[in-house]
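Only one structure is covered here, and it is reproduced in the block below.
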Amino acid sequence: MFIQIKDFATHDGQKVSIRGWVYGRRSGGGVVFLQVRDGSGLCQCVVETATVDAFQKASELPRESSLTVSGVVRRDDRAPGGFELAVSAVEPIHLAEEYPITRKAHGIDFLMSHRHLWLRSRRPVAIMRIRHTVIKACRDFFDNRGFTLVDTPILVAGAGEDAQTLFPVEYFDGKAFLAQTGQLYLETACMALGKVYCFGPTFRAEKSKTRRHLTEFWMIEPEVAFAELDDVVMLAEDMICHVVDAVLCRHEDDLKFLGRDVEALRKVKKPFVRMTYAEVAENLRSEKTRKWLEDEILRDKIRLQGWIDELDELVKQVDAAKKATQKDKLQVQIHELKENIEDLEADLRNRPAHIASAQSFQFGSDLGGSDETIISRQFDKPVFVTDYPKQAKAFYMKESAVDSRLVRNMDLLAPEGYGEIIGGSQREENQDALVARMKEKGLNPEDYGWYLDVRKYGSVPHGGFGLGIERALSWICGLRHVRETIPFPRTMGRMYP
RNA sequence: UCCGGCGUAGCUCAAUGGUAGAGCGCUUGGCUGUUAACCAGGAUGUUACAGGUUCGAGCCCUGUCGCCGGAGCCA
């Protein structure tokens, strides 16, 4: 009977078979320890000389060879996971060629070039599992609240938003673009079904090379009829809480394996922080924030010096280390530490400019990445920022009734400096106002006939938002770059594999 | 597009302008409980590419390419 490794605990003492791949091998004279992974988990298979055939085969299996293993599950404290397989038979399915990815240190370039193989390693597996849960939790959340999934087109006509950020594709004799949002279509669909959402890939041709950008990413976008900005904010808040709860509930081990500070995630509870753009502007310019940021620089400089001292110490230890593995482990530590040091040094170099930019923040401009970071680092919960200046935002956002310079929009900034993970708004439901806004932005209303029709036939207040799955995951998993949150990332400089 | 960093063995990295090295991985042998095992031996290089300076260049200079990070823009 084939079982999955994750189910070992319920088969203690039973004879079972597993199918999987060789993750690692160690031998101790008359015993071979095969580490086998099957996608559900990792187990230690113990092969002794007495089982002559199995011992012979197990001794010769290169890493990542596929195989079936049969034996008896038994509890053993020496086994990782608490259970191991006492092997009676090993049947290789395919003997692997020399596997390029070792269990040692690799650089990001090498790993990204071998992403198709890297996916087999524990770290990507943990992240992919969490990604699955995040997506499922989002969909469950909407399904349980009476939303209907509506798939929006990926190929769209040219005249949309700023064409410079879209990927053009040939479309028979004409030109089309890859969609960068389903929102406009969702607005029409929510007038049919009340509450709708879409989930799919989306494309941005922006030439951004940062840890927060991909050219192809996935977004979940709800759109609700009879909703105003507060309704949209509460919806987003409930959704994020639901998603974080689901991940904490199912993936505490994965999170810990990734080195995520789980306690920080537990603080993500209602209500989140709410600030208006004006409050953010005041915060950024305030003496208090400047002081806080300068103190932070001092703290980080001390932290940096600590790391540099630690690095010196490690270098000395490498020279003194006798055992080869010890040396290797130290080198890996040195590598990680160097990366952290370089990161922090770069950050510290940029910090004065960020402070200056925050201090001189002018009403009317959009929040920059550094401004978002400054705000989100001040809180341990996500922060909603609402009511941005009209000029910095898209044409379809509802003008504020209190201040005509503002729109009723919201961004959600993830804590710990991760920045924007959600952008949304109440939409302009008045046709005349919408047409006027289009003209202000230099758009031709005639290109948006179908969109304007939503405002002609029973127009109602409505709104929604878009959650960037990869950015949310990057925050939830505590990663330094979004490229690890998607199986095959597409960035400006990489299309392979 | 702009600014900065990097490019040395399959991988991660060393190497005052003066004989290209270490660890891992691979491979051969040893060991009956290993935890990124350990011990002993072995093979492994167009120092990204093209020029230049120099008695001599992995190192200095110029250009090209590739990657990484940041800015702008955004999820």
Residues of the stretch A:184-221 satisfying the condition of being under 19 Å from the mean Cα position of the chain (by Cα) and within 19 Å of residue A:239 (Cβ to Cβ): A:198, A:199, A:200, A:202, A:217, A:218, A:219, A:220, A:221
When residues of the stretch A:176-199 are filtered for being over 21 Å from residue A:456 (Cβ atoms) and modelled with pLDDT under 95, how many remain? 7
Is there a residue in the stretch A:36-44 that is hydrophobic (A, V, I, L, M, F, W, C) and under 30 Å from residue A:339 (Cα atoms)? yes
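Evaluate the stretch A:104-121: report whether one residue or more is assigned to a loop (DSSP other than H, G, I, E, B), of a type in the set (A, V, I, L, M) and farther than 30 Å from residue A:54 by Cβ. Talk me through it step by step, then tell me what you get.
Filtering the stretch A:104-121 for residues assigned to a loop (DSSP other than H, G, I, E, B) gives A:104-107, A:114, A:119-121.
Next, only the ones that are of a type in the set (A, V, I, L, M) stay: A:105, A:119.
Narrowing further to those that are farther than 30 Å from residue A:54 by Cβ: A:105.
Checking the stretch A:104-121: at least one residue is assigned to a loop (DSSP other than H, G, I, E, B), of a type in the set (A, V, I, L, M) and farther than 30 Å from residue A:54 by Cβ.
Pull up the stretch A:38-67, narrow it to residues that are under 24 Å from residue A:253 (Cβ atoms) and open to solvent by 30 Å² or more (accessible area, probe 1.4 Å), then point me to the one that is nearest to RNA strand B (Cβ to nearest atom).
First, the residues of the stretch A:38-67 that are under 24 Å from residue A:253 (Cβ atoms): A:38-46, A:63-64.
So of that shortlist, the ones also open to solvent by 30 Å² or more (accessible area, probe 1.4 Å) come out as A:39, A:42, A:63.
Values: A:39: 20, A:42: 11, A:63: 5 Å.
Per the stated criteria, the residue is A:63.
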Number of positions in the stretch A:6-35 that are free of Cβ contacts under 8 Å to residues at least 40 places away in the same chain, more than 10 Å from RNA strand B (Cβ to nearest atom) and either open to solvent by less than 70 Å² (accessible area, probe 1.4 Å) or under 17 Å from residue A:97 (Cα atoms) (or both): 1
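Can you find a residue in the stretch A:162-170 that is closer than 23 Å to residue A:397 by Cα and open to solvent by less than 20 Å² (accessible area, probe 1.4 Å)?
Scanning the stretch A:162-170, I find at least one residue that is closer than 23 Å to residue A:397 by Cα and open to solvent by less than 20 Å² (accessible area, probe 1.4 Å), so the answer is yes.
Pick out the one residue from A:446, A:420, A:440, A:484 that is among the charged types (D, E, K, R) and touching an Asp or Glu at 6+ places or on another chain (Cβ under 6 Å). So that I can check it myself, show each step before the final result.
Working: A:446 fails: touching an Asp or Glu at 6+ places or on another chain (Cβ under 6 Å); A:440 fails: touching an Asp or Glu at 6+ places or on another chain (Cβ under 6 Å); A:484 fails: touching an Asp or Glu at 6+ places or on another chain (Cβ under 6 Å).
A:420 is the lone residue from the list that is among the charged types (D, E, K, R) and touching an Asp or Glu at 6+ places or on another chain (Cβ under 6 Å).
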Failed item, numbered, when residue A:373 is tested on (1) crowded, with 18+ Cβ neighbours inside 10 Å; (2) within 10 Å of RNA strand B (Cβ to nearest atom); (3) assigned by TED's automatic domain parsing to the domain that holds residue A:261: (3)
Condition test on residue A:476, is it more than 24 Å from residue A:219 (Cβ to Cβ) and in contact (Cβ under 8 Å) with a residue 60 or more places away in the chain? no
Evaluate the following for residue A:250: is it open to solvent by 70 Å² or more (accessible area, probe 1.4 Å) and modelled with pLDDT of 95 or more? yes
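Listed here are the residues, each with its yes/no results for (1) within 9 Å of RNA strand B (Cβ to nearest atom); (2) in the same structural domain as residue A:187 (by TED's automatic domain parsing); (3) modelled with pLDDT under 95; (4) assigned to a loop (DSSP other than H, G, I, E, B).
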| position | (1), (2), (3), (4) |
| --- | --- |
| A:391 | no, yes, yes, no |
| A:394 | yes, yes, yes, yes |
| A:401 | no, yes, yes, yes |
| A:404 | no, yes, yes, yes |
| A:411 | yes, yes, yes, no |
| A:420 | yes, yes, yes, no |
| A:446 | no, yes, yes, no |
| A:457 | no, yes, no, yes |
| A:465 | yes, yes, no, no |
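The values are calculated or read from the model by the stated rules, or taken from the named source; none is laboratory data. Keep in mind that what you see is a predicted model, and the values were worked out from it rather than measured. Neighbour counts are summed over all protein chains in view; Cβ atoms, including those assigned to glycine, are modelled from backbone coordinates with ideal geometry. The area values use the complete protein model at the heavy-atom level, side chains included, leaving out ligands, DNA and RNA. Shrake-Rupley method; radii C 1.70, N 1.55, O 1.52, S 1.80 Å.
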